[in-house]
Amino acid sequence: IGRFFGEGTTWRSYVLSFVQPRIVSLAPGPGAKVAIGLSGFPRASYNLEGSTNLTAWRTLATLRADTNGLMQYTNPATAPAQFYRAVWNE
């Protein structure tokens, strides 16, 4: 939600339930890869992060949702166990 107040002043607010990303699918891909489907707010930017221990997270990719709020990413399955999370970039 954005409002213009004049003199170059803009107020912006977000409804967090709309911009928070969700991992909607996780499936084996070709050649030891993992296909990850995500949903979020249309055209918003998100970081997809990975961890092997749920403590140390690293950014795997920065994704931008399409006009329907959908994103896709394919990650090599190199670790014995991999956890994923998506984080909104304000």
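What follows is calculated from the coordinates using simple rules that are stated; it is not laboratory data. These figures come from a predicted structure and were not determined experimentally. Please note: Cβ atoms are built from the backbone with ideal geometry, for glycine as well, and neighbour counts cover all protein chains shown.
Structural remarks
- Placing a label point 7 Å from the Cα of Asn89 along the Cα-to-Cβ direction, the residues of the stretch 26-46 whose backbone N falls under 19 Å of that point are 36-46.
- For trypsin sites (Lys or Arg not before Pro), the sites in the stretch 35-90 that DSSP calls loop and that have at most 15 other Cβ atoms within 10 Å are Arg43.
- Length gained on full extension, Thr62 to Ala77, computed as 0.36 nm times the residue gap minus the Cα-Cα distance: 3.6 nm.
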